[in-house]
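Trainee: Encoded as structure tokens, here's the structure I'll be asking about.
The values are calculated or read from the model by the stated rules, or taken from the named source; none is laboratory data. Keep in mind the model is a prediction, meaning the values are calculated, not measured. Reconstructed Cβ throughout: ideal geometry from the backbone, glycine too, with neighbour counts over all protein chains shown.
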């Protein structure tokens, strides 16, 4: 049982207002706001406004809202289902509420919590689905902020899926037994091929998918999403990634994905760490491929959660090949790759007109062999180089690039934990880079960006790469 401090002083509920009168008293913005909120419903709105301001008056006319041009009198509340006192005058609003209460009609007085029988919520409308957020009158701005976040999470097509579900309700009740079987059906309906087809605007396909569900309730087809978790900050996760994480039965995640992002998945989803990280490979890539195929064959909906973007050093190619060979449906959900997040932290232009028109993604280990990679000539001609996983081979990277002809004075930016609150920024030049391998305190993922365009970065929040440097290099002060 929650403690008293965790208990609400109100009971959240939804009033039936279709075709019923909702009375709004007032002439100004307060009344205007309540009328706009009520237009989300099928209530019969009656605006009591003896002298409405011009924009409010025009709105009432444009929306054909019944308007009574008369001063308040107590009998005006009779017959209403809800009453909103929104005159802007505290005493007048209290008189309206008193009249409503005398008639046993719930009333709300704007900005007077003690004179409210109910509070108007911040509303997310996906009719017939609605999400109402209330703060018991304490923080309307907070409620609006929460509303904006929820509005982003819910697919615009959610209401259309719910409407389609209503048309299937009686059929489902006749064909599918009550209990687990029916719950499983509706879960597949709202999170599977039916919902996907509605989201794509293909209602005939959605109906075909719904019919297939009804005919094959004992057969479940698995699906895998290869999802980019981004560089680490929760608010850089895409809306699509958030949606599919809430649909997943299983979340298979790498060690570099922060726990806070893993926790954003559906609460009852199974979570499996495959922990691929240097020195602690809990599963080989082949084992991960086999796991995804096995889960898919069991009919599970799986999110394969990868740091950054799944198609950039994420081994997604091998996983897609295994899923194709097994006949398991899959989809790629892009994420923000670490190079972009690192550049944003440094306010660093990865391309710069007249300086760098090419961008190379590579790993530090690509520069440790005897033969330079094919892109080395691009680096010499001024391309920006984004080096993933380069801390432990920094000396080799610097040596090979300088041998290839890149000047030792070329600007270097180093970012640990790009986009996260605990990020660390370092700056220097190419010949300083070997010092990076001695920075044992850098335990998070490290990105190195090299090139002439890097000189345009903002170095105010970064520290010198070489420990003994007393001042920042000239490029940082210019």
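Trainee: Among the numbered criteria (1) closer than 24 Å to residue 312 by Cα; (2) in contact with a helix residue (DSSP H, G or I) (Cβ under 8 Å, 6 or more places away or on another chain), which single criterion is violated by residue 430?
Mentor: Condition not satisfied by residue 430: (1).
Trainee: Next question. In the set 311, 350, which member is crowded, with 17+ Cβ neighbours inside 10 Å and either within 21 Å of the chain's Cα centre (by Cα) or within 16 Å of residue 417 (Cβ to Cβ) (or both)?
Mentor: 311
Trainee: Among (1) within 28 Å of residue 187 (Cβ to Cβ); (2) out of contact with any helix residue (DSSP H, G or I) (no Cβ under 7 Å at 6 or more places or on another chain); (3) in a loop (DSSP other than H, G, I, E, B), there is one condition residue 243 misses while meeting the rest; what is its number?
Mentor: (3)
Trainee: Can you pull out every residue in segment 110-142 that is part of a strand (DSSP E or B) and touching a strand residue (DSSP E or B) at 6+ places or on another chain (Cβ under 7 Å)?
Mentor: Step one: filter segment 110-142 for residues part of a strand (DSSP E or B), giving 122-126, 129-133.
Listed by number, the residues that qualify are 122, 123, 124, 130, 131, 132, 133.
Trainee: Just wondering, is there one or more residues in segment 289-301 that are without any contact (Cβ under 8 Å) to a residue 12 or more places away in the chain, over 22 Å from residue 436 (Cα atoms) and part of a helix (DSSP H, G or I)?
Mentor: Scanning segment 289-301 turns up at least one residue that is without any contact (Cβ under 8 Å) to a residue 12 or more places away in the chain, over 22 Å from residue 436 (Cα atoms) and part of a helix (DSSP H, G or I).
Trainee: Same structure again: Report every pair of residues separated by at least 6 positions or lying on different chains whose Cβ atoms are under 6 Å apart, first residue within segment 444-456 and in the same structural domain as residue 354 (by TED's automatic domain parsing) and without any contact (Cβ under 8 Å) to a residue 40 or more places away in the chain, second surrounded by 22 or more Cβ atoms within 10 Å (Cβ to Cβ) and not in a strand (DSSP E or B).
Mentor: 444/417
Trainee: State all residues of segment 321-338 that are within 23 Å of residue 261 (Cα to Cα) and surrounded by fewer than 21 Cβ atoms within 10 Å (Cβ to Cβ); if no residue qualifies, say none.
Mentor: 330, 331, 332, 334, listed by residue number.
Trainee: Consider residue 390 carefully, then state whether it is modelled with pLDDT under 80, surrounded by 15 or more Cβ atoms within 10 Å (Cβ to Cβ), under 20 Å from residue 340 (Cβ atoms) and touching a strand residue (DSSP E or B) at 6+ places or on another chain (Cβ under 7 Å).
Mentor: On the way: modelled with pLDDT under 80: yes; surrounded by 15 or more Cβ atoms within 10 Å (Cβ to Cβ): yes; under 20 Å from residue 340 (Cβ atoms): yes; touching a strand residue (DSSP E or B) at 6+ places or on another chain (Cβ under 7 Å): yes.
So residue 390 passes the test.
Trainee: Okay, next question. Going by the structure shown, is residue 260 within 26 Å of residue 421 (Cβ to Cβ), crowded, with 20+ Cβ neighbours inside 10 Å and modelled with pLDDT of 90 or more?
Mentor: Values: within 26 Å of residue 421 (Cβ to Cβ): yes; crowded, with 20+ Cβ neighbours inside 10 Å: no; modelled with pLDDT of 90 or more: yes.
No.
Trainee: Looking at segment 143-233, what helices (runs of 4 or more DSSP H) fall wholly within it and have at least 3 residues that are touching a strand residue (DSSP E or B) at 6+ places or on another chain (Cβ under 9 Å) and at pLDDT 85 or above?
Mentor: On the way: elements: 158-175, 180-191, 193-199, 203-215.
By residue number, 158-175.
Trainee: For residues that are in contact (Cβ under 8 Å) with a residue 24 or more places away in the chain and assigned to a loop (DSSP other than H, G, I, E, B), tally how many sit in segment 247-268.
Mentor: Within segment 247-268, the first condition is being in contact (Cβ under 8 Å) with a residue 24 or more places away in the chain, and the residues that meet it are 247-258, 260-262, 264-265.
Next, only the ones that are assigned to a loop (DSSP other than H, G, I, E, B) stay: 247-249, 254-258, 264-265.
Total satisfying the criteria: 10.
Trainee: Follow-up. So which residues in segment 327-339 are assigned to a helix (DSSP H, G or I) and at pLDDT 95 or above?
Mentor: none
Trainee: Given the structure, is residue 314 outside the structural domain of residue 444 (by TED's automatic domain parsing), modelled with pLDDT under 90 and either in a strand (DSSP E or B) or farther than 24 Å from residue 362 by Cβ (or both)?
Mentor: no
Trainee: Being farther than 24 Å from residue 421 by Cβ and free of Cβ contacts under 8 Å to residues at least 40 places away in the same chain is true for just one of 322, 316. Which residue is that?
Mentor: 322
Trainee: Got at least one residue in segment 450-464 being touching a helix residue (DSSP H, G or I) at 6+ places or on another chain (Cβ under 6 Å) and within 24 Å of residue 256 (Cα to Cα)?
Mentor: No: segment 450-464 contains no residue that is touching a helix residue (DSSP H, G or I) at 6+ places or on another chain (Cβ under 6 Å) and within 24 Å of residue 256 (Cα to Cα).
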